[in-house]
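Report on the structure given below.
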Amino acid sequence: MAQSDCSLCGGTGWKTVERLAEEEKPKRVSWQKPVPGTNELRRVWAVPCDCTQADRAARTLARARIPKRYEHCDFNNYDTDLYDSVRESAAWNRSLEQAKLVVEAFARDYPAGTDTGLLLMGPCGRKDAFGRGGAATDRFARHTGLFYDYRELLKEIQGSYNSESQATELGVLEPVLTAEVLLLDDLGASKPSPWALETIGHILNTRYNERLITLLTTNYLDGAGATPMPSPSRLPSGQAIAAAREDALSDRLGMRIRSRLYEMCRTVELFAPDYRREVRQAGRVRS
């Protein structure tokens with residue numbers, strides 16, 4: 001909001017400038033303004049006043065649906081040297097650093113030369129903070145971005161079918177289908193159903209056809225099989241418990257949707273333990 005006592009705009013929220021970047025000129029209103037003491041006219045442009053900048057970022061992030069917990073996140077406070085206690089720590093940190101470089105380059109260069117999104121794949125707690133934090137950067141906020149949790153999106157669409165709901169399916173889907181950049185978090189987190197697969201397939205296929213950028217995060221990898229457990233688990237009777245089989249991403253989405261993602265996104269895999277369990281509970285994170 002503009003400040004009512006601002007000396008530059010007088011509370012209107014707009015000020016005039018005599019210089020503007022060429023790419024910004026078509027987006028701004030201009031007119032000829034008399035030069036004091038002469039008969040000359042000089043073109044000026046109306047731009048948002050400095051006094052509106054204080055809450056602009058907050059309003060932009062709110063429109064993009066960035067969760068409050070991640071509004072402060074950016075590349076500067078994303079740590080890549082979290083692990084130091086075991087032999088694999090160096091490899092884990094290197095994985096985080098390489099992933100950060102890829103995502104940071106994407107954000108820095110967007111939209112120039114960008115024709116694919118990103119698919120961040122990794123354990124709980126690592127890619128989540130990365131995807132959400134990357135979305136909250138100023139670079140993302142300058143464009144029409146939208147953040148959605150996968151399960152929350154499906155629930156909102158389902159809720160629109162309720163006759164008492166004021167929302168409509170089109171009202172929920174339209175901004176998801178048309179956002180310049182969509183960040184869909186925890187892809188595949190809910191159990192797959194024919195309706196869910198059809199819905200997410202429609203969203204991704206529409207964005208693919210319209211050449212819109214989609215950023216995705218998921219805990220599911222492309223390989224499936226038995227997940228080794230830290231130590232043998234047994235029932236009170238002494239019977240061993242077999243390791244649970246982890247679903248692959250194709251199990252959660254179907255092969256057709258997974259195939260589409262190969263075209264839509266560059267895959268970035270993070271190999272590191274659960275951030276929340278391994279680091280936060282150990283009390284080794286700098287606040």
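Numbers below:
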read-out: Stretchable slack from SER193 to GLU263, in nm (0.36 nm times residue separation minus alpha-carbon distance); value: 22.9 nm
read-out: Inter-label distance, nm, simple model (7 Å from Cα along the C-beta direction), ARG69/THR206; value: 2.8 nm
read-out: Gained length - ARG42 relative to GLN166, 0.36 nm times residue gap less alpha-carbon distance; value: 39.6 nm
read-out: LEU120 long-range amide H proximity, modeled H, under 5 Å; value: LEU216, THR217, THR218, VAL268
read-out: Sites ARG19 and ASN77, calculated FRET efficiency, Cβ-Cβ separation with R0 25 Å, nearest 0.05; value: 0.15
read-out: Burial ranking of peptide ranges 40-51, 173-184 (average Cβ count within 10 Å, highest at the top); value: 173-184, 40-51
read-out: Using θ = phi - 60° and Karplus 6.51 cos²θ - 1.76 cosθ + 1.60, couplings along segment 100-108 (whole Hz; Gly, Pro as x); value: 4, 4, 5, 5, 5, 5, 4, 5, 5
read-out: Cβ-derived FRET efficiency at R0 35 Å, ARG94 paired with MET255, nearest 0.05; value: 0.65
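Where a number appears in this text, it was derived from the coordinates with a stated rule and is not lab data. Fair warning: this is a prediction, and the values are worked out from it, not measured in the lab. Positions of Cβ are backbone-derived with ideal geometry, glycine not excepted, and every protein chain shown enters the neighbour counts.
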